[in-house]
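Input: a single structure, listed below in structure tokens.
The values are calculated or read from the model by the stated rules, or taken from the named source; none is laboratory data. Since the model is a prediction, treat every value here as computed from it, not as a measurement. Counting neighbours? That spans all protein chains shown, and the Cβs are built from the backbone with ideal geometry, glycine included. Heads up: the accessible areas ignore ligands, DNA and RNA and are worked out on the full protein's heavy atoms, side chains in. Shrake-Rupley method; radii C 1.70, N 1.55, O 1.52, S 1.80 Å.
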Amino acid sequence: MIDRNAIAAARRQLAAQPDFLRTTPLMRVPGRSLGVGCGEVWLKLEHLQVGGSFKARGMLYRLLANPVPESGVIIASGGNAGIAVAAAARALGVRCEVFVPETSPEAKRARLRDLGAEVVATGATYAEAFEACVVRQQVTGALQAHAYDQPEVVAGAGTLALEMEEQAGRLPDSVLVSVGGGGLIGGVAAWVESRADVVALEPQRAPTLHTARAAGQPVDVEVGGVAADSLGARRIGAIGWEVSQRHVHDALLLPDDAIRAAQRWLWKELKLAVEPAAALGLAALQTGAYQPQPQETVALILCGANFDPGTLA
């Protein structure tokens, strides 16, 4: 069970490594400055986190909460989770091996190598890379980290919402959260509970949670599109699914062109360079997929920045 107590416990253990994680800024702007008809928009700038994404929180917690063998830690990742594990492993002085799908951008692979990780690119999808990673783990005995579906990973992600509430002194009226495998929304929704509306956002070409809600259970989906390297899980994770059943208000789908337009808007207007997955919240507001009330406070989580910035040109 991931709940507020589990997230508070994660926060306490993460504090034992005070020089690793960053308290990321919370940018608060009038809705009209973003062309949105609401009172205020909060931008949680988690793309400034260590490793370039929110994943650093959960991955560090996974390593701190478990004994790490001499063979180190191993993970399959579209990129961000692997980068987070590699950064945490380097900080703790342990070995790291990362399996990525062949669709993973070279910029992310280069970053992994810079952090000292051994990188194995295999399979056309995250699921195929994960299968290869499991086989390798059985040989080496390394600590297995999962990109989104482990209690420590989800609870660590939830510390982001705890931190945001501390920074603002309250919660917003709604939080719009990008969804891939469900680790981020699981953590955020578990902290927020019913105190604000939590809305899931997915690309039309990677609808893991949306499809699961329609089917009444997690199911496999085909994934692709501009955000597939970050939101490319083929099935919603068990933990994210369980938490979303209790605390997620709605699940919305967004087209690739709207996601890309929002990503470019964030760069052009606010000079915030984020990956496509981090732009879904603004895309939902700009397209009207999510329509806030006139005085509503809406929080967007800019969840990562591991991409080729040349694509913004």
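Observations
- Spin-label model distance (nm) - R12 vs Q217, 7 Å beyond Cα toward Cβ: 3.7 nm
- Only Lys, Arg, Asp and Glu carry charge here, each on its Cβ (+1 for the first two, -1 for the last two); on that basis segment 1-103 has a dipole of about 360 debye about its Cα centre.
- For the chain: accessible area per residue (Å², 1.4 Å): 38 Å²
- Relative compactness, the chain, computed as alpha-carbon Rg over 2.2 N^0.38 Å: 0.91
- Proximal lysines to K55, defined as alpha-carbon separation beneath 21 angstrom and excluding residues fewer than eight positions away on the same chain: K44, K108
- Test item: Cα-centred dipole of the chain, Lys/Arg +1 and Asp/Glu -1 on Cβ, debye: 500 debye
- Counting only heavy atoms of the protein chains and using a 1.4 Å probe, H247 has close to 40 Å² of accessible surface.
- Entry note: segment 1-73 has Rg to Rh equal to 1.13, where both radii use alpha-carbon atoms and Rh is the Kirkwood radius.
- Each of the GluC sites (Glu not before Pro) that DSSP puts in a loop and that has at most 10 other Cβ atoms within 10 Å breaks the chain; the longest unbroken stretch is 71-221.
- Interchain or long-range residues, amide H under 5 Å from T125's placed H: E102
- Over all projection directions, the Cα-based convex hull of segment 146-189 averages an area of 3.0 nm².
- The distance from the alpha carbon centre of segment 216-260 to that of segment 49-82 is 21 Å, rounded to a whole number.
- Helix 151-168 vs. the chain, principal-axis angle (Cα, 0 to 90°, nearest 10): 40 degrees
- Between the residues T159, A206, V139, the greatest Cα displacement towards the positive end of the dipole of the chain, with unit charges on the Cβ of Lys, Arg, Asp and Glu, is found for T159.
- Taking the protein heavy atoms of the chain in the context of the full set of protein chains, the accessible area attributed to carbon and sulfur is 48 percent at 1.4 Å.
- Theoretical FRET efficiency, 1/(1+(r/R0)^6), r = Cβ-Cβ of E70 and E131, R0 22 Å, to 0.05: 0.35
- Normalised convex hull volume, segment 206-313, alpha-carbon set, Å³ per residue: 112 Å³
- The shape of segment 153-260 can be summarised by an equivalent ellipsoid whose semi-axes, obtained from the alpha carbon gyration tensor, come to 23, 15, 12 Å from longest to shortest.
- Label sites at R246 and V29, each approximated as a point 7 angstrom past Cα along Cα to Cβ, lie 3.5 nm apart.
- Nearest-0.05 FRET efficiency for A168 and N5, computed from C-beta distance (R0 22 Å): 0.55
- Nearest-0.05 FRET efficiency for V139 and R195, computed from C-beta distance (R0 41 Å): 0.35
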